[in-house]
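Just below is one structure, and these are the notes that go with it.
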Amino acid sequence: MVSPYLEDLLSKKSSVRERALEILVEEFETHVRYELAENHFFTMVYQCKNCLKRGSALEIDLALHLIALVVLTLGAGDNAHEVYEDSLVFLPRLLIKSKLSLAINVIECLSIVTIVAARDFAETEISMEIIWKFMNQESKLPSSVIAAAISNWALLLSATDRWSISHQLWKGLIPYLLKQLEEDDDEHVIVASIEALALIFENGSLQKFSFLKGKYSSTKSMKDGIMEQLKRVCNGTKQNTSKILEDDYDKTSTLTLGRSRITISTWSQLKQVNYIRRFLGYGFTNHMMENEHLQNVFRFAPATTECSVDSDDFELNKPEFEKVCFRVFIPEVRSRKCAKRIHMSPSSLLNKGKTKLRNKYRSFAEETKAGYIVDEELD
């Protein structure tokens, strides 16, 4: 029962609130508690907001994580959208006022809530602007915060199409990314910047992200020019990482979940699935098996009892109850001697039958376990 922990969020003791948040985060991370989220989302988000105002760093971190998990569980719809609208009020304030050590968690919460609950790109772009303004503030940001901001901005870009992107808002984005690559040697900043460039190239709207439009005759020539700039600022590890931007780079990956697979063929898909996997951690597989929103996003249909081997379909059914039995004629005069041989001897028909049945159940258990294991990592 998790209901008592909802009440504990109102406790005056920070330690009690932290413990309640830990339990709720673990519950929503490990299981898809849709009914709990639907019935109590308003209460949980409201109480989490109170924790954000008066809590410790750990409490704020847990509260932000829980808000994002609740929205991810709700999926797209009116309830999640209500949280999104509310988050545009309290999360930007928290981003400005909180310590930089908490900024990553605030941006992550905003990104998850937005990518799930925003109804159109206009709403998504509001969150992108909030992150962009934070990235461009006058004070110098730590590399870890810069990397997180770029990565989350790229996540929101991955959910957009080329036609929706503003012609004016993002002109400085590519120069900003190239500057980060030139000046920052932090591995996470490099990866996030290259990843963002890959998404921009894939989106096909280069002219909306750079001031260089008048300098080139076509999108291709602009991309070639940016690649030349990239080669000049990259060396060593940076140069190896930048290879993902080349046209012939194979970005196809396969994620296997039990008997079902998700084939990833675009940077946008790869970005989203890797982000959600990292966010959910060990709970990712359960969410993919049960969370309808994620199944819709990644077009994933988990296999249940049907699977295909060499193009021949078969059904694997586990009976509710089985037992071993056989008929044998035992003359009355020998019944006592035979009974011991039949029931106790390791080589008896009865014990052989029981061994065969145990092996059958072990095979079923292995098949069931395989349905909940991610057995192939994405790049």
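The values are calculated or read from the model by the stated rules, or taken from the named source; none is laboratory data. All values reported here derive from a predicted model rather than from experimental measurement. When we count neighbours, we look across all protein chains shown, and the Cβ atoms used for this are built from the backbone with ideal geometry, even at glycine. Only protein heavy atoms, including side chains, enter the accessible area calculation; ligands, DNA and RNA are left aside. Shrake-Rupley method; radii C 1.70, N 1.55, O 1.52, S 1.80 Å.
Accessible surface for Asp250 stands near 110 Å², nearest 10, in the context of the full protein assembly shown (1.4 Å probe). Spin-label pair Glu123-Lys97: with each label point 7 Å from Cα along the Cα-Cβ axis, the two points sit 2.5 nm from one another. Note on the range 61-160: with charges restricted to the Cβ of Lys and Arg (+1) and Asp and Glu (-1), its dipole about the Cα centre is near 440 debye.
Residue separation of Leu58 and Gln207 scaled by 0.36 nm, minus their Cα-Cα distance, works out to 49.4 nm of gained length. With a threshold of 20 Å on the Cα-Cα distance, the over-threshold entries among Lys97/Lys179; Lys99/Lys140; Lys99/Lys171 are Lys97/Lys179; Lys99/Lys171.
The distance linking the range 74-135 with the range 178-257 is 26 Å (Cα centroid to Cα centroid, whole angstrom). Each residue of the range 29-40 was assigned a 3J(HN,Hα) from its phi angle through the Karplus curve 6.51 cos²θ - 1.76 cosθ + 1.60 (θ = phi - 60°); the sequence is 6, 7, 10, 9, 8, 5, 4, 5, 5, 5, 7, 10 Hz, with glycine and proline shown as x. Spin-label pair Thr43-Arg261: with each label point 7 Å from Cα along the Cα-Cβ axis, the two points sit 4.5 nm from one another. May I ask you to list the chymotrypsin sites (Phe, Trp or Tyr not before Pro) in the range 77-149 that are in a DSSP loop and have at most 12 other Cβ atoms within 10 Å of their Cβ? Loop-located and lightly packed - none at all.
Expected output is a single nm value to one decimal: the length gained when fully extending between Ala301 and Glu182, i.e. 0.36 nm times separation in residues minus the C-alpha distance. What is it? Don't skip to the end; give the middle numbers.
Values: separation 119, 0.36 × 119 = 42.84 nm, distance 4.30 nm.
Stretched fully, the Ala301-Glu182 segment lengthens by 38.5 nm.
Taking amide hydrogens as placed 1.01 Å from N in the peptide plane, the amide H of Leu257 sits under 5 Å from those of Ile262, each at least 5 positions away in sequence or on another chain.
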